[in-house]
Amino acid sequence: MNRVYFVGAGPGDPDLITLRGAAVLGGCRAVFTFAPLDQTFAGLINGRPVYDPYDFDFEDLLVRVDELLESGDVVFLQPGDLTFFSPFQALIENLGDKVEVVPGVGSANAASALLKRTLNLSGVCTRTILVSSRALAEVPGAPSLEELAKPGATLLIYMNHYPLAELVSRLRSGYGRNEPIALAHRIGLPGQKLFLGTLDDILDRAGDCELFDQKGRADLTLFIVGEALTAKPDQDWWDQRRQKVRRQRG
Ligand SMILES: C[S@@+](CC[C@H](N)C(=O)[O-])C[C@H]1O[C@@H](n2cnc3c(N)ncnc32)[C@H](O)[C@@H]1O
């Protein structure tokens, strides 16, 4: 039976797809994806037909996928992977047993690598919260960004829809103090930029960064806020952990 693969592309750099993802992409009949992945993965797509899933309404998309399945496997190449904020869940439910999901490097993983920081530094951070500012603002009864932005929390903000000055002001009011912030813009893509600063100076540091595309939609930027970004790790923690591990091993 031919299959529909939902392949995690990673942040955009084709070197960051998994071996399984690359193999599936290399053997498929057609690819559904969108910019910029259609360009950065052009080598692996290698001339196969590429469709933008947003060119189809839901029913037509299912019909088109079924037609393509008659002559081979179909790949949905998605940013990061399915784990967070994927638009494809309803499609996956509908396609049922035909689906296989191939994990990938999420933008959170890629940002952590770029920063060379673990995002829940022990002893500093008690929680890491992944949010979409837009979803918080749209869903009645959801906590506000200000309510989630508290000392001890690392916030990962996807799909930010606020101008940077407004985002910073909301975070300042939530944390109630200055906090480190990083803007990881277009990770693994042409134009990649990483801005590091604090809520007090990030506007000056990132002033010229284009966070919204020409249509006013949030461009590819992941915002990371919280002490875990800069706090000095406690070196004693390593020895305490090592002792514990050795006790457990007997
Ligand atoms: C619809 S979500 C998809 C997230 C994806 N499933 C993941 O885990 O990376 C799109 C948001 O992910 C973040 N994102 C995805 N790719 C990115 C990249 N290459 N650089 C920076 N942020 C990225 C941005 O916050 C963007 O608004």
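Relative to the longest principal Cα axis of the chain, at what angle does helix 164-175 sit, 0 to 90 degrees, rounded to 10?
50 degrees
Keeping the other protein chains in place, figure out the carbon and sulfur percent of the accessible area of the chain, with a 1.4 Å probe.
Roughly 50 percent, rounded to a whole number.
Using the Cα centre of the chain as the reference point, and only Cβ charges (+1 on K/R, -1 on D/E), how large is the resulting charge dipole? Debye, rounded to the nearest 20.
So the dipole magnitude of the chain works out to roughly 1460 debye.
All other residues with a Cβ under 12 Å from the Cβ of L229 taken together, and with Lys, Arg as +1 and Asp, Glu as -1, what is their net charge?
+1
Determine the per residue accessible area of the chain with all protein chains present and a 1.4 angstrom probe, expressed in square angstrom.
Using a 1.4 Å probe on heavy atoms only, each residue of the chain averages 53 Å².
Between the helical axis of 235-249 and the dominant principal axis of the chain, each derived from Cα atoms, what acute angle in degrees is found, rounded to the nearest 10?
That helix lies at roughly 60 degrees to the long axis.
Under 10 Å from the Cβ of A30, count the other residues' Cβ atoms, weight Lys and Arg +1, Asp and Glu -1, and hand me the total.
Charge balance near A30 sits at +1.
Within the chain, what percent of beta bridges assigned by DSSP are antiparallel, to the nearest 5?
So the antiparallel bridges in the chain amount to around 45 percent.
Which whole-number percentage describes the relative contact order of the chain, with Cα contacts under 8 Å and a sequence gap of 6 or more?
19 percent
Report the net charge of residues surrounding N178, where surrounding means a beta-carbon distance below 12 angstrom and charges are Lys +1, Arg +1, Asp -1, Glu -1.
-2
In square angstrom, rounded to the nearest 10, how much accessible surface does C28 have for a 1.4 Å probe?
Rounded to the nearest 10, that gives 10 Å².
Relative to the longest principal axis of the chain, what angle (0 to 90°, nearest 10) does the C-alpha long axis of helix 58-69 take?
It works out to around 60 degrees.
The values are calculated or read from the model by the stated rules, or taken from the named source; none is laboratory data. The shown structure was predicted, so the numbers you read here are calculated from the model rather than taken from an experiment. When we count neighbours, we look across all protein chains shown, and the Cβ atoms used for this are built from the backbone with ideal geometry, even at glycine. Surface accessibility is based on the protein's heavy atoms, side chains included, excluding ligands, DNA and RNA. Shrake-Rupley method; radii C 1.70, N 1.55, O 1.52, S 1.80 Å.
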